[in-house]
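The values are calculated or read from the model by the stated rules, or taken from the named source; none is laboratory data. Remember, it's a predicted structure, so these values are computed and weren't measured experimentally. All Cβ positions, even for glycine, are placed from backbone atoms using ideal geometry, and neighbour counts span all protein chains on display.
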Amino acid sequence: MFKLSVNLTRSASHYIKRTMSSQEQDVLFETLNNAGIITLNRPKALNSLNTSMVTKLLPQLQEWESKKTLVIVKGAGDKAFCAGGDVKAAIDKVEGPRFFYTEYNCNYLIGKYKIPYIAIINGITMGGGLGLSVHGRYRIATEKTVIAMPETKIGLFPDVGGSYFLPRLQVNLGLYLGLTGDRLKGWDVVKSGIATHYVPSKRLYELEVLLSRCTDEVEVDNLLNKFHEPSEQFSLSDNIKHINYCFAASTIEEIIERLQKVQNDWSEKTLKTLSQMCPGSLKITLRALQRGAQLELGQCLKMEYRVACRATENHDFPEGVRALLIDKDNNPQWKPKTLAEVTDDYVESYFKKLPHDRELQFFDSKL
């Protein structure tokens, strides 16, 4: 068991004062011993990401990569790490692509970060919040953690590198999560492979300060392993074989056929969930995950950027955000309306290359 020292308390009080004095900022950057600390600071909006935040994150992460021993990222308050991107802004045809461009550059940098990047995913972590965590070396879940990629419900698709990390989860779990938007909580997040460690939320403060004193990755690794608590059973374990079977199908229609054959409570619930999703999004998502399984992270993000830009230009994404988040009538009018109407040409139109000057370029690109 680790004990807090007097020095720890002093540095902590200084850190808290600094944080409180900059409450108006949407993202906070602090130094604590050897660590750079990032706090997503929009607690009333569940720390959802906007263009302002990702525009500040990218250069700071680049600077710290060569100056710090490690980086810790967390969310303000205890409700959320990050509930996703601010999709009300992202549906704008100009603002949306600008936001995705910088956000995806952040995802790319995190995926290739040279020093330990530790995301404390305490509370709600969805969409863009997974993009800021899952590509990093360490992801710490707590009993408050709830993760999901719910984009198919709003006419989008699991982006922020979702086409990279979801197909790499075991037993087709990623395809299940990406298509249904199902939530995983607490220990399930570790069991799924999305988190690397489980630490009770009451120990996070102690862990953060002790992490900040680490001088290399070996110390970080050892410390996290000491705080990590052993697992409980995976809540989806009874249906893993069904998930693996149903979501191995190559089309949405065949996934539905296989679910109909399973005939249990889980399959009936999953069928109902899929029926509530945007038909176009389901087919676009499946195509993105199938292709992403064969691509590197950077290639996935370039592919996703094309799809995301097309989503801002088409009907379903703005309509889904309107129905679920703006008017809240929960009655989206999808176009195409049914799976049968979603043609292969329609799906492929989202994946076509953009004009050269609109393609996603990474900050370290030679072009």
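Yes or no, residue by residue, for (1) under 8 Å from the mean Cα position of the chain (by Cα); (2) of a type in the set (Gly, Ala, Ser); (3) at pLDDT 95 or above:
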| residue | (1), (2), (3) |
| --- | --- |
| Ile110 | no, no, yes |
| Tyr113 | no, no, yes |
| Tyr117 | no, no, yes |
| Gly128 | yes, yes, yes |
| Ser133 | yes, yes, yes |
| Ala141 | no, yes, yes |
| Thr145 | no, no, yes |
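With respect to Leu211, is the statement that it is in contact (Cβ under 8 Å) with a residue 40 or more places away in the chain, part of a helix (DSSP H, G or I) and buried (at least 16 other Cβ atoms within 10 Å of the Cβ) true?
Numbers: in contact (Cβ under 8 Å) with a residue 40 or more places away in the chain: yes; part of a helix (DSSP H, G or I): yes; buried (at least 16 other Cβ atoms within 10 Å of the Cβ): yes.
Yes, satisfied.
Restricting Arg168, Arg183, Arg213 to residues that are within 30 Å of Gln276 (Cβ to Cβ), over 14 Å from the mean Cα position of the chain (by Cα) and not assigned by TED's automatic domain parsing to the domain that holds His242 narrows the list to Arg168. Residue count for region 151-165 under the criterion of being over 18 Å from His197 (Cα atoms) and within 10 Å of the chain's Cα centre (by Cα): the result is 5. With respect to the stated conditions, Leu286 is surrounded by 14 or more Cβ atoms within 10 Å (Cβ to Cβ), out of contact with any Pro (no Cβ under 9 Å at 6 or more places or on another chain) and touching a residue at least 40 places away in the same chain (Cβ under 8 Å). Could you tell me whether any residue of region 157-177 is over 20 Å from Asp86 (Cα atoms), at pLDDT 95 or above and touching a strand residue (DSSP E or B) at 6+ places or on another chain (Cβ under 6 Å)? Looking for residues that are over 20 Å from Asp86 (Cα atoms), at pLDDT 95 or above and touching a strand residue (DSSP E or B) at 6+ places or on another chain (Cβ under 6 Å), one finds none in region 157-177, hence no. Before we move on, is Ile284 closer than 20 Å to Pro150 by Cβ and outside any loop (DSSP other than H, G, I, E, B)? Yes. Residues of region 47-84 that are crowded, with 23+ Cβ neighbours inside 10 Å and at pLDDT below 95: none at all. The residue list Gly178, Gly123 contains one member that is within 19 Å of Phe234 (Cα to Cα) and outside the structural domain of Glu219 (by TED's automatic domain parsing), which is Gly178. If only residues of region 328-339 that are under 10 Å from Gly280 (Cα atoms) and of a type outside the set (S, T, N, Q) are counted, the one that is surrounded by the most Cβ atoms within 10 Å (Cβ to Cβ) is Trp334. The residues of region 133-155 that are crowded, with 22+ Cβ neighbours inside 10 Å and over 20 Å from Leu207 (Cα atoms), listed by number, are His135, Ile147, Ala148, Met149, Glu151, Thr152, Ile154, Gly155.
For region 296-324, the set of residues classified as in contact (Cβ under 8 Å) with a residue 40 or more places away in the chain, more than 23 Å from Glu341 (Cα to Cα) and surrounded by fewer than 16 Cβ atoms within 10 Å (Cβ to Cβ) consists of Glu296 only. When you scan region 223-232, do you find a residue that is hydroxyl-bearing (Ser, Thr, Tyr), closer than 14 Å to Thr180 by Cβ and within 24 Å of the chain's Cα centre (by Cα), even just one? Looking for residues that are hydroxyl-bearing (Ser, Thr, Tyr), closer than 14 Å to Thr180 by Cβ and within 24 Å of the chain's Cα centre (by Cα), one finds none in region 223-232, hence no. For region 338-367, a residue qualifies if it is farther than 18 Å from Arg310 by Cα, assigned to a loop (DSSP other than H, G, I, E, B) and modelled with pLDDT of 95 or more, and the qualifying residues are Thr338, Phe362.
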